[in-house]
Structures are given as C-alpha cells and as structure tokens.
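A short reminder: the numbers here are calculations on the coordinates, not readings from a lab. Since we're looking at a predicted model, the values are computed, not measured. Note that each Cβ is placed from the backbone with ideal geometry, even for glycine, and that neighbours are counted across all protein chains shown.
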Amino acid sequence: MWWLAFVAVDQWLKWLVRTRMLPGDSIPLIPHVLHLTSVHNTGAAFGLLRGAGPLLILISVAVVIVLALSLRHAPDDSAILRRLYRLGIWLVLSGAVGNLIDRLRFGYVIDFIDLRVWPVFNLADSAITVGMGLLVWTILRGKQA
C-alpha cells in the first residue's frame, strides 16, 4: 500500500505550506530555478475551470472509480508492461486522491512547486503526470507487440 504513503507525504507537504506560508508567499530554494510558492488553486491543471469545485470533485471521484476498476485490465503482453501499467494507474490514483482530499477539505488544491517557467504544481500533480505518461506508453507499446 505504498500509494497511501505517497498520499500521506503529499498531504504532509501541503500541510507544511498551508500552515507556514500565506498564499502568494515564495521562498527561493534555487534562485530563478526552483521556488517554494504557496498557491490556492480553485481550478484544474493550469488553473483551467477556476471556481468549478463541485464539477472537479465529481470528475475526481469518477476518475478514482474508473482507475480502481481498470486495475483489473492490465495488458497481457508482458510482465514488465503489466507492472508499468499498474504503476501508472496507482500513480494517477494516488495523485487524484491527494488533490481530491484538498478539494473536499478546503475547496481548492494547495500547489507549491514553482519552476518559474511552468504553472505552480504539487506532488500529486507530478504523480498524475508521470502516471499518465506510463499509461500512454504501456498502452502504445502493447499495441505494437
């Protein structure tokens, strides 16, 4: 159940940001490259659908259900593809749960990783992105076999 530990770390980092920084505060960790910036995101990725909390909660719950059900349908092509597919599902699932907890508790997602050339994001967003990359790769790779 490593994914629960991942959700716990995500929530702990968000708690640190929420309790020690005001929205908009920014701390340079590597000046001009990496900052810790407190953002309350009421939208989805890149701030899309700003203020659409109930819709985003509904979408998040649907994604969690679909992903949990899709764990049964891993590709049969090879053991490594099955493992990577399942890892992708678990990463997206843990990220979705981490952000869903924020939406339910606060009505927004706490973002804090600021690369200065990209919108501010969090650990859960990173898990979703990496997980989706793995899913797309394993699905495409499986169709090539």
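So the values come out like this:
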quantity	calculated
Rh by Kirkwood over Cα pairs, then Stokes-Einstein D for the range 30-123 at 0.890 mPa s and 25 °C, µm²/s	166 µm²/s
Residue (of Ile59, Leu140, Leu104) at the positive-pole extreme of the chain, dipole from beta-carbon charges	Leu140
Share of alpha-carbon pairs per 5 Å distance bin for the range 34-73, given as whole %	6, 20, 18, 17, 14, 13, 9, 3
Rounded FRET efficiency, nearest 0.05, which uses the C-beta distance separating His73 from Ile30 and R0 of 25 Å	0.05
Among Leu22, Leu93, Leu34 the positive-end extreme of the charge dipole of the chain (Cβ point charges)	Leu93
Dipole-positive endmost among Ala45, His73, Trp3 within the chain (Cβ charges, Cα centre)	His73
Cβ-Cβ FRET estimate between Trp15 and Ile57, R0 fixed at 22 Å, reported to 0.05	0.65
Cα-projected label distance for Met1 with Met132, points at 7 Å along beta-carbon direction, nm	2.9 nm
Amide H partners (placed H, <5 Å) of Ile27, local residues excluded	Leu36, Thr37
Dipole magnitude of the chain about its Cα centre (Cβ charges: Lys, Arg +1; Asp, Glu -1), debye to nearest 20	220 debye
Over the chain: helical MRE at 222 nm, DSSP H runs n ≥ 4 each giving -39500 (n - 2.57), nearest 500	-21000 deg cm²/dmol
